[in-house]
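Visitor: Please see the structure below; I have some questions.
Just so it is clear, none of the values below were taken in a lab; they were calculated from the coordinates. All values derive from a computational prediction rather than experimental measurement. Using ideal geometry, Cβ is built from the backbone for each residue, glycine included, and neighbour counts are taken over all protein chains shown.
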Amino acid sequence: MTKISDHIPENAPRIGNAFTRFIGRMLLRITGYKIEGKFSNEPKMILIAAPHTSNWDLIVALGTILSLGVRINFMMKKEAFFFPFKGLFMSLGGVPLDRSSPKAAVKQTLKAFEERDKFWLAILPEGTRKPVTTWKAGFIRIARAANVPIFIMGIDSRTKTLYLDKLVEPSATGKAIEQAEELRLYTKEKYCGINPKNN
C-alpha cells in the first residue's frame, strides 16, 4: 500500500490533517485517479501540470493536495473566487489572478517566493482548457527570476494517473520560449488529458 511518505519529501510545505486527507482520498476515488512518483525535495519550486484539458483537472488537483497534505499554491482567474468556493480556494493556497495586469501578478508571485521559507506554486502553462499550439513562457521567466526549479506533473487519462514526473532548471535568459516549447512537446507525447480532443 502506497504511503504519503512515498510521494512527499522532507522539504515539502504541508497542509491539512487526517480529515482533509480522507476527503482528498475520496475525491481521487470518485475520479478514479491515482498518484505515482515523488515530488522533488525542494522547499521552493514552480510546478506545471499538463495537459490541462478539462474542469475535472481541478478535482484531481484538489484530491492530490488534500490526500497528500501538501500545500501547493495555485493561480486562478479572480472570477473563479466566488461563494461558496472562495473560502475553500483561499485556504488551499489559491491566488486570485487579475489577468488584465500580468506585471502586477508577476511582482506578487516573486514577493511570495521571497517572503516564505517554503513555497510551491502550480501554474497551468496552457492558460486554457482549449487545444493550444504554444505554451505561455511566463512560468519559466518567473522561475528564473525567483531562482527556483520547475517540477513537471503529468495527467494521463489512459491510465487514470497523476504522475509526479521530474525536475528541470529554468532556461538561460532569452531561451524561455524555446524551453516552453520543449516541455510542451514532452508532455504532449508522454501524457493524455482527461478530455483528449483538447490535447
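Here's the yes/no breakdown for (1) over 30 Å from residue 30 (Cβ atoms); (2) over 14 Å from the mean Cα position of the chain (by Cα); (3) loosely packed, with under 14 Cβ neighbours inside 10 Å:
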position	(1), (2), (3)
120	no, no, no
127	no, no, no
134	yes, yes, yes
141	yes, yes, no
156	no, yes, no
162	no, no, no
168	yes, yes, no
173	yes, yes, yes
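Visitor: Looking at the range 33-45, can you tell me whether even one residue there is in contact (Cβ under 8 Å) with a residue 12 or more places away in the chain, in a helix (DSSP H, G or I) and surrounded by 20 or more Cβ atoms within 10 Å (Cβ to Cβ)? Show your work before the answer.
Guide: Let us first name the residues in the range 33-45 that are in contact (Cβ under 8 Å) with a residue 12 or more places away in the chain, namely 33-45.
Okay, now just the ones that are also in a helix (DSSP H, G or I), so none.
No, the range 33-45 contains no residue that is in contact (Cβ under 8 Å) with a residue 12 or more places away in the chain, in a helix (DSSP H, G or I) and surrounded by 20 or more Cβ atoms within 10 Å (Cβ to Cβ).
Visitor: Which condition from (1) closer than 21 Å to residue 167 by Cα; (2) more than 14 Å from the chain's Cα centre (by Cα) is the one that residue 65 breaks?
Guide: So the condition that residue 65 fails would be (2).
Visitor: Okay, next question. Quick check on residue 65: is it in contact (Cβ under 8 Å) with a residue 12 or more places away in the chain and crowded, with 19+ Cβ neighbours inside 10 Å?
Guide: Values: in contact (Cβ under 8 Å) with a residue 12 or more places away in the chain: yes; crowded, with 19+ Cβ neighbours inside 10 Å: yes.
Judged against the criteria, residue 65 is a match.
Visitor: What residue, of 58, 28, is buried (at least 20 other Cβ atoms within 10 Å of the Cβ) and without any contact (Cβ under 8 Å) to a residue 40 or more places away in the chain? Working first, answer last.
Guide: Details: 58 fails: buried (at least 20 other Cβ atoms within 10 Å of the Cβ).
Step by step, each of 58, 28 is checked, and only 28 is buried (at least 20 other Cβ atoms within 10 Å of the Cβ) and without any contact (Cβ under 8 Å) to a residue 40 or more places away in the chain.
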